[in-house]
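The values are calculated or read from the model by the stated rules, or taken from the named source; none is laboratory data. Please read these numbers as outputs of a predicted model, since none were measured by experiment. Please note: Cβ atoms are built from the backbone with ideal geometry, for glycine as well, and neighbour counts cover all protein chains shown.
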Amino acid sequence: MESRTVLAIYGKDRETFLQGLVTNDVTKALPEKDGICYAALLSPQGKFIADFFLIGREDHILLDVASDVAPALAQRLSMYKLRADVRIEETSLVVSRGCGIAPETALTDPRHPDLGWRDYAHDDHSDDTDFEALRVRLAVPEMGAELSGESYILEMGFERLNGVDFRKGCYVGQEVTARMHHKTELKKGLRRVRLHGSAESGSAITTGEKIVGTLHSIHGNEGLAYLRFDRVSDNMTAGNARVEIAD
(Lines give C-alpha, C1' and ligand atoms only; values in the text may rest on other atoms or scores of the structure.)
Protein backbone atom coordinates (compact mmCIF):
# COMPACT_ATOMS: atom_id res chain seq x y z
CA MET A 1 0.00 0.00 0.00
CA GLU A 2 1.21 3.52 -0.78
CA SER A 3 3.26 5.10 2.03
CA ARG A 4 1.54 8.11 3.56
CA THR A 5 2.69 10.93 5.84
CA VAL A 6 0.39 12.97 8.07
CA LEU A 7 1.23 16.63 8.61
CA ALA A 8 -0.49 18.78 11.24
CA ILE A 9 -1.29 22.43 10.60
CA TYR A 10 -1.69 24.54 13.74
CA GLY A 11 -2.42 28.21 14.37
CA LYS A 12 -5.47 30.46 14.46
CA ASP A 13 -5.17 31.23 10.72
CA ARG A 14 -4.94 27.59 9.62
CA GLU A 15 -8.40 27.46 8.01
CA THR A 16 -8.19 30.73 6.08
CA PHE A 17 -4.59 29.92 5.10
CA LEU A 18 -5.56 26.61 3.48
CA GLN A 19 -8.79 28.03 2.04
CA GLY A 20 -6.79 30.44 -0.08
CA LEU A 21 -4.52 27.72 -1.44
CA VAL A 22 -6.31 24.42 -2.09
CA THR A 23 -8.94 23.35 -4.61
CA ASN A 24 -11.66 22.28 -2.19
CA ASP A 25 -13.67 24.02 0.52
CA VAL A 26 -11.69 23.48 3.72
CA THR A 27 -14.82 23.88 5.87
CA LYS A 28 -15.92 20.43 4.66
CA ALA A 29 -13.11 19.04 6.81
CA LEU A 30 -14.30 20.65 10.03
CA PRO A 31 -15.23 18.10 12.72
CA GLU A 32 -18.84 19.25 12.87
CA LYS A 33 -19.25 18.50 9.14
CA ASP A 34 -17.88 15.45 7.29
CA GLY A 35 -14.52 15.81 8.99
CA ILE A 36 -12.54 15.06 5.83
CA CYS A 37 -12.16 16.42 2.30
CA TYR A 38 -10.03 15.61 -0.73
CA ALA A 39 -8.13 18.47 -2.35
CA ALA A 40 -5.09 19.46 -4.36
CA LEU A 41 -2.51 22.19 -4.51
CA LEU A 42 -1.94 23.64 -7.98
CA SER A 43 0.60 25.90 -9.62
CA PRO A 44 -0.51 29.43 -10.61
CA GLN A 45 -0.86 27.97 -14.14
CA GLY A 46 -3.45 25.49 -12.85
CA LYS A 47 -1.22 22.41 -13.06
CA PHE A 48 -1.08 19.69 -10.43
CA ILE A 49 1.44 19.79 -7.59
CA ALA A 50 0.04 17.40 -4.97
CA ASP A 51 -3.22 15.83 -3.82
CA PHE A 52 -4.11 15.06 -0.21
CA PHE A 53 -6.83 14.71 2.38
CA LEU A 54 -7.61 17.35 4.99
CA ILE A 55 -9.00 16.19 8.34
CA GLY A 56 -10.30 18.68 10.89
CA ARG A 57 -9.39 18.40 14.56
CA GLU A 58 -10.32 20.65 17.46
CA ASP A 59 -7.14 22.73 17.39
CA HIS A 60 -5.44 21.74 14.13
CA ILE A 61 -5.97 20.28 10.65
CA LEU A 62 -4.32 17.04 9.55
CA LEU A 63 -3.00 16.71 6.01
CA ASP A 64 -2.66 13.15 4.68
CA VAL A 65 -0.29 13.02 1.68
CA ALA A 66 2.00 10.57 -0.14
CA SER A 67 5.24 10.30 1.82
CA ASP A 68 7.55 10.92 -1.12
CA VAL A 69 6.14 14.43 -1.66
CA ALA A 70 5.42 15.36 1.97
CA PRO A 71 8.67 17.29 2.62
CA ALA A 72 8.36 19.32 -0.61
CA LEU A 73 4.68 20.03 0.07
CA ALA A 74 5.40 21.19 3.62
CA GLN A 75 8.12 23.46 2.29
CA ARG A 76 5.86 24.91 -0.39
CA LEU A 77 3.05 25.55 2.08
CA SER A 78 5.54 27.29 4.37
CA MET A 79 6.45 29.63 1.51
CA TYR A 80 2.84 30.84 1.46
CA LYS A 81 2.63 31.49 5.22
CA LEU A 82 3.98 35.06 5.15
CA ARG A 83 2.64 36.56 8.40
CA ALA A 84 -0.17 34.08 8.92
CA ASP A 85 -0.38 32.40 12.32
CA VAL A 86 0.31 28.92 10.95
CA ARG A 87 2.68 26.16 12.03
CA ILE A 88 3.28 22.95 10.03
CA GLU A 89 4.64 19.84 11.72
CA GLU A 90 5.07 16.21 10.71
CA THR A 91 3.23 13.78 12.99
CA SER A 92 3.79 10.11 13.85
CA LEU A 93 0.21 9.20 12.89
CA VAL A 94 -0.32 6.20 10.63
CA VAL A 95 -2.94 6.09 7.86
CA SER A 96 -5.07 2.93 7.89
CA ARG A 97 -7.53 2.01 5.12
CA GLY A 98 -10.17 -0.60 4.62
CA CYS A 99 -13.54 -1.54 3.19
CA GLY A 100 -14.68 -3.84 5.98
CA ILE A 101 -15.98 -2.91 9.42
CA ALA A 102 -14.69 0.57 10.16
CA PRO A 103 -13.14 1.65 13.48
CA GLU A 104 -15.20 4.15 15.48
CA THR A 105 -12.79 6.96 14.61
CA ALA A 106 -12.65 6.19 10.88
CA LEU A 107 -13.88 8.58 8.19
CA THR A 108 -15.46 7.65 4.86
CA ASP A 109 -13.16 8.27 1.90
CA PRO A 110 -14.72 11.38 0.31
CA ARG A 111 -13.75 10.45 -3.25
CA HIS A 112 -16.15 7.50 -3.63
CA PRO A 113 -18.16 5.35 -1.18
CA ASP A 114 -16.61 2.16 -2.58
CA LEU A 115 -13.16 3.34 -1.44
CA GLY A 116 -14.08 2.54 2.15
CA TRP A 117 -12.66 4.30 5.19
CA ARG A 118 -9.51 6.05 6.34
CA ASP A 119 -8.33 6.21 9.95
CA TYR A 120 -5.55 8.10 11.70
CA ALA A 121 -3.92 6.50 14.72
CA HIS A 122 -0.53 5.28 15.98
CA ASP A 123 -0.83 1.78 14.54
CA ASP A 124 -1.73 0.35 11.14
CA HIS A 125 -5.03 -1.57 11.22
CA SER A 126 -5.72 -1.63 7.49
CA ASP A 127 -7.59 -4.63 6.13
CA ASP A 128 -6.61 -6.71 3.08
CA THR A 129 -8.65 -4.77 0.50
CA ASP A 130 -6.97 -4.68 -2.92
CA PHE A 131 -6.97 -0.91 -3.31
CA GLU A 132 -5.05 -0.97 -6.57
CA ALA A 133 -7.84 -3.00 -8.15
CA LEU A 134 -10.42 -0.61 -6.70
CA ARG A 135 -8.49 2.42 -7.88
CA VAL A 136 -8.38 1.17 -11.46
CA ARG A 137 -12.03 0.09 -11.45
CA LEU A 138 -13.14 3.52 -10.17
CA ALA A 139 -10.68 5.48 -12.35
CA VAL A 140 -8.96 7.16 -9.40
CA PRO A 141 -5.65 8.74 -10.44
CA GLU A 142 -2.56 8.43 -8.27
CA MET A 143 0.44 10.69 -7.95
CA GLY A 144 3.43 9.26 -9.80
CA ALA A 145 1.18 7.12 -11.98
CA GLU A 146 -1.51 9.21 -13.70
CA LEU A 147 -0.90 12.49 -11.86
CA SER A 148 2.16 14.58 -12.72
CA GLY A 149 3.24 18.19 -12.86
CA GLU A 150 1.68 18.44 -16.31
CA SER A 151 -1.77 17.27 -15.19
CA TYR A 152 -4.91 19.39 -15.07
CA ILE A 153 -7.16 18.10 -12.29
CA LEU A 154 -10.41 18.32 -14.25
CA GLU A 155 -8.96 16.06 -16.94
CA MET A 156 -8.05 13.64 -14.15
CA GLY A 157 -11.57 13.43 -12.73
CA PHE A 158 -11.26 15.60 -9.61
CA GLU A 159 -14.78 16.98 -10.03
CA ARG A 160 -16.19 13.44 -10.06
CA LEU A 161 -14.00 12.56 -7.07
CA ASN A 162 -15.18 15.54 -4.99
CA GLY A 163 -11.76 17.15 -5.08
CA VAL A 164 -12.69 20.63 -6.29
CA ASP A 165 -15.31 23.19 -5.27
CA PHE A 166 -16.42 25.83 -7.77
CA ARG A 167 -18.39 27.88 -5.23
CA LYS A 168 -15.56 28.66 -2.82
CA GLY A 169 -13.33 31.72 -3.10
CA CYS A 170 -10.07 32.07 -4.96
CA TYR A 171 -7.18 29.66 -4.60
CA VAL A 172 -3.90 29.12 -6.43
CA GLY A 173 -4.65 27.98 -9.99
CA GLN A 174 -8.37 28.72 -9.61
CA GLU A 175 -8.67 30.91 -12.71
CA VAL A 176 -7.44 28.24 -15.11
CA THR A 177 -9.49 25.50 -13.41
CA ALA A 178 -12.69 27.58 -13.45
CA ARG A 179 -12.19 28.49 -17.11
CA MET A 180 -11.82 24.82 -18.05
CA HIS A 181 -14.99 24.03 -16.12
CA HIS A 182 -17.22 26.83 -17.38
CA LYS A 183 -15.99 27.66 -20.87
CA THR A 184 -14.53 24.59 -22.53
CA GLU A 185 -15.35 20.98 -23.25
CA LEU A 186 -12.55 18.72 -22.15
CA LYS A 187 -10.63 17.33 -25.13
CA LYS A 188 -8.41 15.02 -23.09
CA GLY A 189 -8.83 13.03 -19.92
CA LEU A 190 -8.49 9.88 -17.86
CA ARG A 191 -10.57 6.85 -18.76
CA ARG A 192 -10.76 3.23 -17.66
CA VAL A 193 -9.90 0.89 -20.52
CA ARG A 194 -10.10 -2.84 -21.12
CA LEU A 195 -7.11 -4.69 -22.57
CA HIS A 196 -7.35 -7.69 -24.88
CA GLY A 197 -3.76 -8.89 -24.88
CA SER A 198 -0.58 -7.74 -23.12
CA ALA A 199 0.72 -4.21 -22.70
CA GLU A 200 2.95 -2.37 -20.26
CA SER A 201 2.34 0.79 -18.29
CA GLY A 202 3.69 3.75 -20.24
CA SER A 203 2.79 2.24 -23.61
CA ALA A 204 1.48 4.60 -26.27
CA ILE A 205 -2.10 3.94 -27.35
CA THR A 206 -2.44 4.30 -31.09
CA THR A 207 -4.97 3.98 -33.85
CA GLY A 208 -3.33 3.61 -37.23
CA GLU A 209 -0.48 6.13 -37.31
CA LYS A 210 -2.05 8.44 -34.74
CA ILE A 211 -1.23 8.50 -31.03
CA VAL A 212 -4.45 8.48 -29.00
CA GLY A 213 -2.89 8.62 -25.54
CA THR A 214 -0.87 6.77 -22.92
CA LEU A 215 -1.62 3.67 -20.87
CA HIS A 216 -0.85 4.13 -17.17
CA SER A 217 -1.85 1.83 -14.28
CA ILE A 218 -2.83 -1.75 -15.18
CA HIS A 219 -4.62 -4.31 -13.05
CA GLY A 220 -5.60 -7.58 -14.67
CA ASN A 221 -7.18 -6.82 -18.02
CA GLU A 222 -8.14 -3.26 -17.07
CA GLY A 223 -6.14 -0.07 -16.96
CA LEU A 224 -6.25 3.69 -16.76
CA ALA A 225 -5.41 5.70 -19.85
CA TYR A 226 -4.99 9.37 -20.61
CA LEU A 227 -6.66 9.89 -23.97
CA ARG A 228 -7.35 12.45 -26.67
CA PHE A 229 -11.09 12.06 -27.06
CA ASP A 230 -11.19 13.16 -30.70
CA ARG A 231 -8.94 10.23 -31.64
CA VAL A 232 -10.69 7.48 -29.68
CA SER A 233 -11.83 4.69 -32.01
CA ASP A 234 -12.72 1.00 -32.13
CA ASN A 235 -9.26 -0.03 -33.34
CA MET A 236 -6.95 1.28 -30.61
CA THR A 237 -3.87 -0.73 -29.65
CA ALA A 238 -1.11 -0.58 -27.01
CA GLY A 239 1.80 -3.01 -26.98
CA ASN A 240 0.31 -6.34 -28.03
CA ALA A 241 -3.18 -5.50 -26.77
CA ARG A 242 -6.34 -4.22 -28.34
CA VAL A 243 -7.69 -1.37 -26.21
CA GLU A 244 -11.31 -0.39 -25.71
CA ILE A 245 -13.02 2.12 -23.45
CA ALA A 246 -14.44 0.21 -20.48
CA ASP A 247 -17.27 2.61 -19.63
Problem - Residue that is nearest to PHE166 (Cα to Cα), among those in segment 25-54 that are without any contact (Cβ under 8 Å) to a residue 40 or more places away in the chain and surrounded by fewer than 20 Cβ atoms within 10 Å (Cβ to Cβ) - result: THR27
Exercise for the section: Considering (1) assigned to a helix (DSSP H, G or I); (2) in contact (Cβ under 8 Å) with a residue 60 or more places away in the chain; (3) among the hydrophobic types (A, V, I, L, M, F, W, C), say which one ALA72 fails and leave the rest. Expected result: (2)
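Counting just the residues of segment 103-144 that are among the small types (Gly, Ala, Ser) and modelled with pLDDT of 95 or more, which one comes out nearest to VAL65 (Cα to Cα)? Show your work before the answer.
The initial filter retains those residues of segment 103-144 that are among the small types (Gly, Ala, Ser), namely 106, 116, 121, 126, 133, 139, 144.
From what's left, modelled with pLDDT of 95 or more: 106, 116, 121, 126, 133, 139.
Numbers: ALA106: 17, GLY116: 17, ALA121: 15, SER126: 17, ALA133: 20, ALA139: 19 Å.
Per the stated criteria, the residue is ALA121.
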Practice task
Read through the list (1) surrounded by fewer than 22 Cβ atoms within 10 Å (Cβ to Cβ); (2) modelled with pLDDT of 95 or more; (3) more than 19 Å from ARG167 (Cβ to Cβ); (4) among the hydrophobic types (A, V, I, L, M, F, W, C), then give the number of the only condition that MET1 fails.
Solution key: (2)
Exercise for the section: Only residues that are touching a helix residue (DSSP H, G or I) at 6+ places or on another chain (Cβ under 6 Å) and not in a loop (DSSP other than H, G, I, E, B): list them for segment 37-49, please. Expected result: CYS37
Problem - Single unsatisfied condition, GLU90 versus (1) surrounded by 17 or more Cβ atoms within 10 Å (Cβ to Cβ); (2) more than 19 Å from the chain's Cα centre (by Cα) - result: (1)
Exercise for the section: For PHE52, state whether it is in contact with a Gly (Cβ under 8 Å, 6 or more places away or on another chain) and not in a loop (DSSP other than H, G, I, E, B). Expected result: no
Completion exercise
Those residues of segment 198-246 that are out of contact with any strand residue (DSSP E or B) (no Cβ under 9 Å at 6 or more places or on another chain) and either part of a strand (DSSP E or B) or within 21 Å of GLU142 (Cα to Cα) (or both) come to a total of 1
Handout entry: Subset of segment 147-206 that is under 30 Å from THR16 (Cα atoms) and among the basic types (Lys, Arg) - its residue that is surrounded by the fewest Cβ atoms within 10 Å (Cβ to Cβ)
Key = ARG167
Completion exercise
Reported set for segment 110-141 where residues are in contact with a strand residue (DSSP E or B) (Cβ under 7 Å, 6 or more places away or on another chain) and either closer than 26 Å to ARG179 by Cα or in a loop (DSSP other than H, G, I, E, B) (or both) is PRO110, ARG111, GLY116, HIS122, ASP123, ASP124, HIS125, SER126, ASP127, THR129, ALA139, PRO141
